[in-house]
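First the structure, in the form of C-alpha cells, and then the observations on it.
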C-alpha cells in the first residue's frame with residue numbers, strides 16, 4: 001500500500017509507556033564522535049536534535065554506549081559510567097524530549113571484539129583508579145582480527161558484568177533521563193559471543209548446551225529489568241550476522257529460539273525485541289544465504305512489539321509494516337537524512353551519503369547533511385487583485401463600494417451601542 005495516509009509505517013504505536021507517532025525508528029548507529037574520555041558534547045547534541053526535531057513522536061535508539069571501562073576497548077565511543085558522561089548524555093536526552101521525541105540508550109559490552117591495546121590504556125583514566133583491564137571474551141577462541149586469544153571471563157566476572165549492565169541502565173534512565181535501554185546482544189559483541197558456538201568453547205555452566213549459552217544474556221535481561229522495569233528494557237539480537245569475522249554459527253535457530261522463548265515467557269512486558277535481518281552485517285549488505293530467515297523469531301514472539309532492521313528502503317519498510325505491523329529501523333538513511341521521516345512521508349529524494357565520514361571527528365558527514373527544502377507556500381493575491389475582485393463583486397450587487405482607508409482618516413468614530 002503506497003498511500004501515506006493509511007500506511008502503517010506512519011501510524012501511531014505504543015512501545016512500553018511511549019506513544020510514538022509513527023513506526024520509522026532511528027537505529028543505533030555508532031559514529032565514534034565522543035571525546036577521549038568517552039563523553040558526548042555539543043556536536044553530538046546537534047546531531048540528535050536534528051533527527052528528533054524533524055517529526056515529533058520519533059523513536060531514537062542512541063548509539064552503542066560502553067557500560068564500564070572494562071567492558072570497552074574502542075576510542076571515542078561513548079560511555080555511561082562517570083558523572084560527566086551521564087551529564088553529557090542528559091543534555092542530549094533533554095534536547096530530544098524538548099522536540100517531542102523519545103530515546104533509548106543501547107548498552108554495550110565489547111568482549112573479545114575490543115582492542116586489547118586500548119583496554120591496557122584505560123588505567124590512565126582518573127575516575128577508574130589503578131589497574132589494567134584484561135582482554136576477555138566468552139571463551140579463548142581467537143578472533144581473526146587479533147593476534148592473541150581472549151582470556152575467558154571467570155564466573156565471578158560474568159556476575160560483575162551482569163551488575164555493570166544493570167548499573168548502566170540505572171545511570172541511563174534514572175540520571176540521564178533516557179526513556180529506556182536496549183541491551184546489545186548482537187553483531188559479535190560479548191553477549192553474542194556467549195550465544196554462539198563459534199566463540200563460546202566454555203565447559204562450565206555458561207558454555208556447551210543451548211541452555212548454558214543463553215544463560216548470561218538472560219541474566220543480564222533479568223538484572224536490567226529489576227533495575228529499571230520491563231517496559232524500559234529491550235534487547236537486540238542478530239542470529240545471522242557475520243559482522244565480526246568468524247561469527248554466525250552453522251545453525252543459530254535452536255539457540256535463538258530458546259532465547260526468545262525464555263524472553264517471551266519470563267518478561268512478556270519487555271518494551272520490544274529488536275532483530276537484525278539476514279543479509280546485513282553491520283554496514284555491509286549481502287544476499288541472505290538459503291534458509292536464512294527471522295520468521296522463526298516472529299512466530300515465537302507473536303504480537304509483541306518487534307523492531308526489524310536491515311537494509312529497508314521506504315518502499316520495503318512500508319510493505320513490511322503493512323504486512324506485520326512491526327516498527328522499521330533505519331541506520332544509514334538516518335545518518336544521511338536528518339529529516340528522514342518527512343522525506344518518507346512526502347516521498348522526497350534522499351541525500352547520498354559518504355561512507356568515509358560515517359566514523360571519525362567533526363561536522364563533515366555528521367551534522368552537515370541538508371534538510372529537504374521547505375514546500376513553497378501558495379502565493380497570496382496582491383492588494384490590487386483583492387480590490388479588483390471586491391469592486392467586481394460590489395458592482396454586480398449594485399452596492400456602493402467602501403471608501404478607501406485614506407478617505408476615512410479624520411472621520412469621527414462611530415461606536416456601536
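The values are calculated or read from the model by the stated rules, or taken from the named source; none is laboratory data. Small disclaimer: the values here were computed from a predicted structure and weren't measured. Every residue, glycine among them, receives a Cβ derived from its backbone with ideal geometry; neighbour counts consider all protein chains shown.
Against the conditions (1) at pLDDT 95 or above; (2) surrounded by 20 or more Cβ atoms within 10 Å (Cβ to Cβ); (3) within 29 Å of residue 319 (Cβ to Cβ), where does residue 21 fall short? Just the number, please.
The failed condition is (2).
Would you mind telling me which numbered condition in (1) assigned to a loop (DSSP other than H, G, I, E, B); (2) under 27 Å from residue 25 (Cα atoms); (3) at pLDDT 95 or above residue 261 fails?
(1)
If residue 91 meets every condition in (1) modelled with pLDDT of 95 or more; (2) farther than 27 Å from residue 364 by Cβ; (3) touching a helix residue (DSSP H, G or I) at 6+ places or on another chain (Cβ under 6 Å); (4) part of a helix (DSSP H, G or I) apart from one, which number is that one?
Exception for residue 91: condition (2).
Out of 268, 254, report the one residue that is surrounded by fewer than 14 Cβ atoms within 10 Å (Cβ to Cβ), modelled with pLDDT of 95 or more and either part of a loop (DSSP other than H, G, I, E, B) or at positive phi (or both). Before the answer, list the steps.
On the way: 254 fails: either part of a loop (DSSP other than H, G, I, E, B) or at positive phi (or both).
Residue meeting the stated conditions: 268.
Restrict the check to segment 237-246 and report whether at least one residue is at pLDDT below 85, over 16 Å from residue 311 (Cα atoms) and in contact with a helix residue (DSSP H, G or I) (Cβ under 6 Å, 6 or more places away or on another chain).
Looking through segment 237-246, at least one residue is at pLDDT below 85, over 16 Å from residue 311 (Cα atoms) and in contact with a helix residue (DSSP H, G or I) (Cβ under 6 Å, 6 or more places away or on another chain).
Can you say whether residue 68 is within 23 Å of residue 233 (Cβ to Cβ), touching a residue at least 40 places away in the same chain (Cβ under 8 Å) and touching a helix residue (DSSP H, G or I) at 6+ places or on another chain (Cβ under 6 Å), as far as the supplied structure shows? Quick ask: steps written out before the conclusion?
Numbers: within 23 Å of residue 233 (Cβ to Cβ): yes; touching a residue at least 40 places away in the same chain (Cβ under 8 Å): yes; touching a helix residue (DSSP H, G or I) at 6+ places or on another chain (Cβ under 6 Å): yes.
Criteria met by residue 68.
For segment 87-109, name all the residues that are surrounded by 21 or more Cβ atoms within 10 Å (Cβ to Cβ) and within 18 Å of residue 228 (Cα to Cα). Quick ask: steps written out before the conclusion?
Step one: filter segment 87-109 for residues surrounded by 21 or more Cβ atoms within 10 Å (Cβ to Cβ), giving 88-89, 92-93, 96, 101-109.
The answer is 89, 93, 102, 103, 104, 105, 106, 107, 108.
Out of the residues in segment 321-331 meeting the condition of being touching a residue at least 60 places away in the same chain (Cβ under 8 Å) and part of a helix (DSSP H, G or I), tell me which one is surrounded by the fewest Cβ atoms within 10 Å (Cβ to Cβ).
Start the filter on segment 321-331 by keeping residues that are touching a residue at least 60 places away in the same chain (Cβ under 8 Å), which leaves 321-322, 325-331.
This time we only want the ones that are part of a helix (DSSP H, G or I), so: 321-322.
Values: 321: 24, 322: 16.
Here the answer is 322.
Test residue 217 against the stated conditions and say whether it is surrounded by fewer than 24 Cβ atoms within 10 Å (Cβ to Cβ) and touching a strand residue (DSSP E or B) at 6+ places or on another chain (Cβ under 6 Å).
yes
Among the numbered conditions (1) surrounded by fewer than 11 Cβ atoms within 10 Å (Cβ to Cβ); (2) under 25 Å from residue 15 (Cβ atoms), tell me where residue 347 comes up short.
(2)
Testing residue 348 on (1) over 30 Å from residue 35 (Cβ atoms); (2) part of a helix (DSSP H, G or I); (3) at pLDDT 95 or above, one condition comes back false. Which one is that?
Just one mismatch for residue 348, condition (2).
Could you check residue 243 against (1) part of a helix (DSSP H, G or I); (2) touching a strand residue (DSSP E or B) at 6+ places or on another chain (Cβ under 8 Å) and say which number it fails?
Failing condition for residue 243: (1).
Got a number for residues in segment 31-42 being part of a loop (DSSP other than H, G, I, E, B) and closer than 19 Å to residue 95 by Cα?
Restricting attention to segment 31-42, the residues satisfying the condition of being part of a loop (DSSP other than H, G, I, E, B) are 31-41.
Subset that is closer than 19 Å to residue 95 by Cα: 31, 33-34, 39-41.
Selection size over segment 31-42: 6.
For segment 139-169, which residues satisfy the criterion of being surrounded by 15 or more Cβ atoms within 10 Å (Cβ to Cβ), modelled with pLDDT of 90 or more and over 15 Å from residue 109 (Cα atoms)?
none
Residues in segment 300-314: is at least one surrounded by 15 or more Cβ atoms within 10 Å (Cβ to Cβ), out of contact with any strand residue (DSSP E or B) (no Cβ under 7 Å at 6 or more places or on another chain), in contact (Cβ under 8 Å) with a residue 12 or more places away in the chain and within 20 Å of residue 252 (Cβ to Cβ)?
Looking through segment 300-314, at least one residue is surrounded by 15 or more Cβ atoms within 10 Å (Cβ to Cβ), out of contact with any strand residue (DSSP E or B) (no Cβ under 7 Å at 6 or more places or on another chain), in contact (Cβ under 8 Å) with a residue 12 or more places away in the chain and within 20 Å of residue 252 (Cβ to Cβ).
Checking residue 278 against (1) in a loop (DSSP other than H, G, I, E, B); (2) in contact (Cβ under 8 Å) with a residue 40 or more places away in the chain; (3) crowded, with 20+ Cβ neighbours inside 10 Å, only one condition comes out false. Which one?
Failing condition for residue 278: (2).
Conditions first: (1) modelled with pLDDT of 95 or more; (2) more than 24 Å from residue 294 (Cβ to Cβ); (3) surrounded by fewer than 18 Cβ atoms within 10 Å (Cβ to Cβ). Residue 172 passes all but one, so which condition is the exception?
With (1) modelled with pLDDT of 95 or more; (2) more than 24 Å from residue 294 (Cβ to Cβ); (3) surrounded by fewer than 18 Cβ atoms within 10 Å (Cβ to Cβ) applied to residue 172, the lone miss is (3).
Is it the case, given these coordinates, that residue 353 is in a loop (DSSP other than H, G, I, E, B), in contact with a helix residue (DSSP H, G or I) (Cβ under 6 Å, 6 or more places away or on another chain) and surrounded by 18 or more Cβ atoms within 10 Å (Cβ to Cβ)?
Criteria not met by residue 353.
Could we say that residue 341 is surrounded by 16 or more Cβ atoms within 10 Å (Cβ to Cβ) and either modelled with pLDDT under 95 or within 30 Å of residue 186 (Cβ to Cβ) (or both) here?
Yes.
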